[in-house]
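The values are calculated or read from the model by the stated rules, or taken from the named source; none is laboratory data. Keep in mind that what you see is a predicted model, and the values were worked out from it rather than measured. Here the Cβ is made from the backbone with ideal geometry for all residues, glycine too, and neighbour counts use every protein chain on show. In case anyone asks, the SASA skips ligands and DNA or RNA and just uses the protein heavy atoms, side chains included. Shrake-Rupley method; radii C 1.70, N 1.55, O 1.52, S 1.80 Å.
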Amino acid sequence: MLKGSVNAFREATLQVNLRGVNDLTVELVVDTGFTGYLTLTSDQIVALGCSRIGRSRVMLADGSEEIFTLFAVIANWDGLPRTVEAYEMTSPPLLGMTMMYGHHLHIHIVDGGEALLT
């Protein structure tokens, strides 16, 4: 189970422990419109020491398409290491639907409300 909260922007966030060459705990914004695993900023990718695995074309919410670099990152997921793809983006880090697939997402949508992924 992952625990998080609803922030001042009314975004549900969850903290995930990630590993590359180094370890880092990242607060990710839950994005049900993002079908990938997760996104990270350049600074987070550098801090983790992630391995680049390629590039991918992505359709954004406004309908435009861009090409982003993909990195391999290990997430501590349900107490087990899970290797996933992370897109390098400039936006706040996102947690996508592929990463959450098979889980239940519960959000109490009030300032500071609890977000749980079970």
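Over the chain, what relative contact order in percent results from Cα pairs under 8 Å that are six or more residues apart?
Taking the mean separation of contacting Cα pairs over the length of the chain, I get 35 percent.
Pick out, in residue order, every one of the GluC sites (Glu not before Pro) in the range 1-93 that is DSSP loop and has at most 12 other C-beta atoms within 10 Å; say none if there are none. Please report the intermediate quantities before stating the final value.
Values: sites: GLU11, GLU27, GLU65, GLU66, GLU85, GLU88; in loops: GLU11.
Hits after loop and neighbour filter: nothing returned.
Using the Cβ atoms and a cut-off under 11 Å, what net charge is assigned to the surroundings of THR39, where Lys and Arg are +1 and Asp and Glu are -1? Each step should come with its number before you reach the end.
Numbers: positive: none; negative: ASP31, GLU85, GLU88.
So the environment of THR39 carries a net charge of -3.
Can you tell me the FRET efficiency between TYR101 and SER51 if r is taken as the Cβ-Cβ distance and R0 is 25 Å, rounded to the nearest 0.05? Could the numbers behind the result be given before it?
Numbers: r = 23 Å, r/R0 = 0.94.
About 0.60, to the nearest 0.05.
With label points built 7 Å along Cα→Cβ from the Cα atoms of ASN7 and ASP62, find their separation and express it in nm.
2.1
Would you mind working out the magnitude of the charge dipole of the chain relative to its Cα centre, with +1 at each Lys and Arg C-beta and -1 at each Asp and Glu C-beta, to the nearest 20 Debye? Before the final figure, lay out the partial values.
Details: 7 positive and 13 negative charges, 65 e Å.
Computed about the Cα centre, the dipole is about 320 debye.
Starting from the Cα of ASP43, move 7 Å in the Cα-to-Cβ direction to define the label point; list residues of the range 63-104 whose amide nitrogen is under 20 Å from there.
69, 71, 86-95
Accessible area per residue for the chain in Å², computed with a 1.4 Å probe and the full protein assembly in place, what is it? Numbers along the way, then the final one.
Values: 6900 Å² over 118 residues.
Heavy-atom SASA per residue in the chain reads 58 Å².
In a shell of Cβ-Cβ distance under 13 Å around GLY113, excluding GLY113 itself, what net charge do Lys and Arg (+1) and Asp and Glu (-1) give?
Values: positive: LYS3, ARG10; negative: GLU11, ASP111, GLU114.
My count for the surroundings of GLY113 gives -1.
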